[in-house]
Amino acid sequence: MTHQSPRDQQRAAADMIIELANSELKAKDRLAIPQQDMPAQNPNVRNGNMSEVTYGYFEEQARLEALRCLQCKNAPCIKGCPVEIDIPRFVRKISEGDYAGSLNVIKEASLLPSICGRVCPQENQCQERCLVGKSLKDKFKAVSIGRLERFVADWDAGMKGLSDLASEDARGNPLPPSATAGAMSAATRSVPPVKGETGRKVAVIGSGPASITVAADVRREGHTVTIFEAFHKPGGVLVYGIPEFRLPKSIVQDELETLVRMGVEIKTNYLVGRTRKLTDFLDKDGFDAIFIGTGAGLPRFMHIEGENLIGVFSANEFLTRSNLMKAYDRERAATPIFQPRRVAVFGGGNVAMDAARSALRIGAEEVNVVYRRTRVEMPARAEEVDHAEEEGITFHFLRSPKRILGDDRERVTAIETLDYELGEPDESGRRRPVPIEGSESTMEVDTVIVSIGNDSNPLLTRTTPALKTNRWGNIVADENGKTSLDRVFAGGDIVLGAATVILAMGEGRKAAASINRLLA
Amino acid sequence: MHTILSRTQLSDNVVRLRVAASLIAEARSPGQFVIVQVDTDFGERVPLTIANANSSEGWVELIFQTVGATTLRLAEYSQGEALPALLGPLGQPTHVENFGRAVCVGGGIGVAPMYPIAQALKAAGNHLSVIIGARNRELILLKEEMADMADDLIVVTDDGSYGRKALVTEPLRELCESDSPPDIVVAIGPPVMMKFAAETTRPYGVHTVVSLNSIMVDGTGMCGGCRVTVGEETKFVCVEGPEFDGHAVDFDNMIKRLQAYKPQEDRARSQCMIDIRAKELTK
């Protein structure tokens with residue numbers, strides 16, 4: 001795929017907008033409008049920097065993309081959205097140039113559009129059901145709802161789409177607006193109104209997407225909210241997991257800043273279950289309700305030979321070092337990161353893509369993703385897989401590691417893999433990979449990143465025996481987020497197992513509503 | 001705020017900080033540790049064991065050796081200053097009961113985390129023998145405190161400048177061979193010392209607990225960087241440890257894993273020493 005310059009994309013969109021002006025658009029005309037690609041940094045430049053990969057739409061592109069929407073009466077897209085954003089309405093407002101109005105529509109249902117617009121797997125949610133995609137017989141040709149959501153959120157954060165593509169890096173390559181805007185915008189953004197103080201106290205454990213949502217929704221009702229975060233920085237997976245190049249930290253910072261300006265207190269370096277027992281919050285510290293949003297945080301390993309060799313990392317470790325501890329910034333960060341040369345990443349999810357692309361950015365010469373099914377079954381967002389490929393990452397499908405080989409210093413030297421073929425569908429509906437006997441091959445690598453998912457962290461549940469968990473260690477909560485413990489609610493990955501930001505947010509919304517009902 | 005209440009230089013490169021931390025002091029048990037940061041923007045997270053604590057006065061004591069950039073910076077803190085980040089208590093507490101005869105083996109800086117464990121074993125009614133090992137007289141830690149508490153105290157040094165000229169494994173073997181052998185041994189110190197302490201007790205079948213100090217990032221079970229092989233299984237030191245059955249730990253793998261970031265650590269350490277020296281010169 002050739003890289004089209006952002007300016008060319010903008011010009012083409014502007015020309016077409018003029019062409020379409022003053023004409024009554026029929027469905028056929030809308031379907032004929034070409035889908036707008038989101039301008040991105042040149043792959044050969046961005047694989048050497050940590051700045052955001054994509055620039056976001058130019059205003060002209062957003063208007064044009066919004067015109068592709070057929071404004072279906074039954075709006076199938078809404079049913080595909082975990083928080084049921086009124087998609088046709090927010091998209092129409094973009095086509096009319098009413099970006100503030102558009103954002104308000106989104107905010108009725110979703111609290112974090114700048115984040116969800118970037119990280120939601122839209123092609124499996126709203127966009128999968130889009131009639132435009134269905135008419136064009138390609139779900140990837142659906143209206144780019146996620147990009148439009150991001151556009152209005154960025155517009156609100158002061159990036160104004162791409163209207164000022166002014167900043168450049170040292171080599172004259174344009175930098176994404178998020179590299180320079182963002183952090184400054186929180187102060188100018190309006191703070192959601194907070195009702196009069198009720199004096200009721202709510203503890204929110206963890207500070208990822210579910211917790212951010214709960215904190216905002218509960219605080220709005222005038223309750224006192226304290227967030228407890230184990231790390232030294234709040235944000236959860238948005239900060240330690242998802243890399244800067246996919247979700248700029250200034251955006252997460254903005255959301256947290258908004259919470260603080262609403263009056264939410266954030267306590268870092270506080271591990272509930274260890275620093276203080278959960279039950280002490282209710283029995284001794286006077287909290288009226290608790291929300292647990294501690295996420296899924298126990299990295300899974302494959303239990304194959306050589307997994308504890310030097311050079312084998314969980315994706316969590318590799319990404320935490322790189323993101324949260326900023327190890328990519330070698331000049332300033334005290335936390336070291338292993339210098340990879342030839343890398344194998346095991347897994348096919350978003351985290352695997354993040355790890356692979358991070359390894360490339362800190363100087364790996366060769367990065368291989370080893371996945372036991374095919375591209376179609378990969379759980380990663382299609383856009384991330386495309387981006388990874390453009391950046392020079394090699395994919396090995398239908399292949400799975402058998403063992404990791406090391407030298408006498410216990411350092412990784414190679415992996416031995418086995419080839420697979422797809423058999424009958426399994427309980428997930430995906431065709432089960434079956435190993436092909438005798439198909440072993442080896443690949444020389446010095447770094448292995450294991451990214452096959454997370455189990456729930458047992459720390460809080462183990463120190464709170466009364467809290468009911470299922471056999472995977474996830475907290476059991478009903479449809480209102482209520483747990484087996486009175487006045488204790490839970491949501492996000494600690495309940496769902498590893499899921500998505502938007503699902504965590506949706507769960508948070510429900511739990512917050514329950515808490516607000518309880519305290520009303 | 002985690003204010004430094006007092007700072008004591010215990011030897012050339014060993015420092016004791018008493019830090020205000022009321023919640024940690026209240027919640028902690030022997031065997032647990034904390035994570036310290038000297039800079040929350042770019043600093044690393046370093047696990048340090050809790051050497052002592054007082055819940056009514058709300059402080060914990062950290063005793064550490066200046067081995068890397070962060071501990072060097074930590075040693076620069078003086079009374080009245082505050083640590084930017086302190087998380088804990090982390091890890092599983094030591095399993096304490098009246099085993100009968102308990103032997104605590106502390107090597108070098110390992111004597112510091114051993115102190116609260118020895119205290120607890122004594123309080124549970126065990127007959128307590130303590131073996132302290134150090135390279136030389138200068139580096140012997142907490143001798144008076146241990147002497148006050150233990151039923152027997154044996155001090156050994158590598159160079160014979162104090163006590164017996166021996167490694168800790170010699171008196172440990174003698175105790176195992178004596179008429180009243182230990183019912184439990186707890187060994188904390190450099191990995192090599194723990195490995196050989198476990199090898200020493202193995203033939204006698206004495207249960208031997210070791211406390212591992214592997215490399216960690218978060219300390220809460222999230223990164224898996226601290227994992228060790230124990231028996232056939234992979235264990236996370238931060239949440240399932242730090243204490244394990246010394247006879248089941250794969251020390252060779254653990255010791256090599258500790259070297260994973262050696263070049264980066266050495267570079268950071270020398271840069272840090274230059275920075276500290278430069279700061280002193282400009283004073």
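The values are calculated or read from the model by the stated rules, or taken from the named source; none is laboratory data. As the structure is a computational prediction, the values presented were derived from the model and not from experiment. Backbone-built Cβ (ideal geometry, glycine too); neighbour counts: all protein chains shown. Please note that ligands, DNA and RNA were not included when accessible areas were found on the heavy atoms of the full protein model with its side chains. Shrake-Rupley method; radii C 1.70, N 1.55, O 1.52, S 1.80 Å.
Over the whole of B:177-190, what's the average partner chain Cβ count within 10 Å per residue? Rounded to a whole number, please.
Values: counts 0, 0, 0, 0, 0, 0, 0, 0, 0, 0, 0, 0, 0, 0.
Per residue, the number of nearby Cβ atoms from other chains is 0 on average.
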Item checked: Positive dipole terminus of the protein assembly as shown, leading residue within A:Met50, B:Val192, B:Met254 (C-beta point charges) -> A:Met50
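Please compute, for peptide B:32-44, the average count of beta-carbon atoms on other protein chains lying within 10 Å of each residue's beta-carbon.
Working: counts 1, 0, 1, 5, 1, 5, 1, 4, 5, 7, 9, 6, 7.
Whole-number average of other-chain Cβ neighbours for B:32-44 is 4.
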Next item on the list: Kindly report, to the nearest 10 Å², the accessible surface of A:Val239 as traced by a 1.4 Å probe over protein heavy atoms only.
Entry: 20 Å²
Notebook entry, point to check: Average projected area of the Cα convex hull of region B:2-90, in nm²?
Noted result: 5.2 nm²
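Heavy atoms only, probe 1.4 angstrom, no DNA, RNA or ligands counted: give me B:Trp59, A:Trp472, A:Trp155 ranked by accessible area, highest first.
Greatest to least solvent exposure: A:Trp472, A:Trp155, B:Trp59.
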Item checked: Among A:Ser207, A:Gln35, B:Val46 - extreme Cα towards positive end, dipole of the protein assembly as shown, charges at beta-carbon -> A:Gln35
Next item on the list: Starting from the Cα of B:Lys122, draw a straight line to each of the lysines and keep only those under 24 Å, dropping any in the same chain fewer than 8 residues away.
Entry: B:Lys143
Margin query: Just to verify a number: what accessible area does B:Met194 come out at with the full protein assembly present, 1.4 Å probe, Å² rounded to tens?
Written below: 0 Å²
Next item on the list: Run the 1.4 Å probe and let me know the accessible area of A:Tyr420, rounded to the nearest 10 Å².
Entry: 40 Å²
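How big is the protein assembly as shown by the Kirkwood estimate over distinct Cα pairs, in Å? All intermediate terms of the calculation are to be shown ahead of the outcome.
Numbers: mean 1/r = 0.0351 Å⁻¹.
Computed over the protein assembly as shown, the radius equals 28.5 Å.
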Notebook entry, point to check: Rounded to the nearest 0.05, what FRET efficiency is calculated for B:Asn98 and B:Glu145 with R0 set to 25 Å and r the Cβ-Cβ distance?
Noted result: 0.70
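Using only helices, what value at 222 nm comes out for chain A when you add -39,500 (n - 2.57) per DSSP H run of length 4 or more and divide by the total residues, to the nearest 500 deg cm²/dmol? Present the calculation step by step, with values, prior to reporting the outcome.
On the way: 20 runs with 175 residues, N = 520.
Result for chain A, helices only: -9500 deg cm²/dmol.
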Next item on the list: Evaluate the charge dipole of region B:1-63 about its Cα centre and quote only its size in Debye, nearest 20, assuming +1 on the Cβ of each Lys and Arg and -1 on the Cβ of each Asp and Glu.
Entry: 160 debye
Check: Which residue, B:Gln37, B:Gln264, B:Gln119, has the most motion in a Gaussian network model of chain B that connects Cα atoms within less than 10 Å?
Finding: B:Gln264
Notebook entry, point to check: Would you list A:Arg150, A:Arg11 from the most to the least accessible area, probe 1.4 Å?
Noted result: A:Arg11, A:Arg150
Check: Roughly speaking, what is the centre-to-centre gap between region B:153-208 and region A:101-149 when only Cα atoms are used, to the nearest Å?
Finding: 66 Å
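Other chains near B:88-101: what is the mean number of their Cβ atoms within 10 Å of each residue's Cβ?
Working: counts 4, 3, 5, 1, 1, 0, 0, 0, 0, 0, 0, 0, 0, 0.
Taking the mean over all residues of the peptide, I get 1.
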Notebook entry, point to check: Got a number for carbon plus sulfur as a percent of the protein assembly as shown's accessible area, 1.4 Å probe?
Noted result: 49 percent
Notebook entry, point to check: GNM, chain B, Cα, under 10 Å: largest mean-square fluctuation among B:Val168, B:Val111, B:Val96?
Noted result: B:Val96
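Using unit Cβ charges (K, R positive; D, E negative) and no other charged atoms, how large, in debye to the nearest 20, is the dipole of region B:101-258 about its Cα centre?
Details: 14 positive and 22 negative charges, 67 e Å.
Computed about the Cα centre, the dipole is about 320 debye.
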Check: Extension gain A:Leu136-A:Arg341, at 0.36 nm per residue separation less the Cα-Cα distance, in nm?
Finding: 69.5 nm
Notebook entry, point to check: List the trypsin sites (Lys or Arg not before Pro) in region A:454-520 that DSSP assigns to loop (not H, G, I, E or B) and whose Cβ has at most 14 other Cβ atoms within 10 Å. Which are they?
Noted result: A:Lys468, A:Arg471
Checklist line | Cα-projected label distance for A:Asn470 with A:Ser441, points at 7 Å along beta-carbon direction, nm | finding: 3.8 nm
Next item on the list: Given the options B:Ser178, B:Ser22, B:Ser11, state which has the largest fluctuation in a GNM of chain B using a 10 Å cut-off (strictly under) for Cα springs.
Entry: B:Ser178
Item checked: 13 Å Cα-Cα reach of A:Lys326 towards aspartates and glutamates, excluding residues that sit fewer than 8 places from it in its own chain -> A:Glu244, A:Glu317, B:Asp39, B:Asp41, B:Glu44
Check: Any idea what the dipole of chain B comes to, in debye rounded to 20, about its Cα centre with Lys/Arg Cβ at +1 and Asp/Glu Cβ at -1?
Finding: 660 debye
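For region A:72-139, which trypsin sites (Lys or Arg not before Pro) are both in a DSSP coil and crowded by at most 13 other Cβ atoms within 10 Å?
Values: sites: A:Lys73, A:Lys79, A:Arg89, A:Arg92, A:Lys93, A:Lys107, A:Arg118, A:Arg129, A:Lys134, A:Lys137, A:Lys139; in loops: A:Lys73, A:Lys137.
Answer by residue number: A:Lys73, A:Lys137.
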Margin query: Charges on Cβ only, +1 for Lys and Arg, -1 for Asp and Glu, centred on the Cα centroid of the protein assembly as shown; of A:Ile494, A:Leu64, B:Gly91, which one is farthest towards the dipole's positive end?
Written below: A:Leu64
Check: Using DSSP loop states and a limit of at most 16 other Cβ atoms within 10 Å to flag GluC sites (Glu not before Pro), what is the longest stretch of chain A containing no flagged site?
Finding: A:198-304
Checklist line | Alpha carbon centroid spacing (whole Å) that separates region A:260-338 from region A:380-457 | finding: 26 Å
Next item on the list: Extending each Cα 7 Å along its Cβ direction at A:Asp329 and B:Ser11, get the distance between those two points in nm, one decimal.
Entry: 3.8 nm
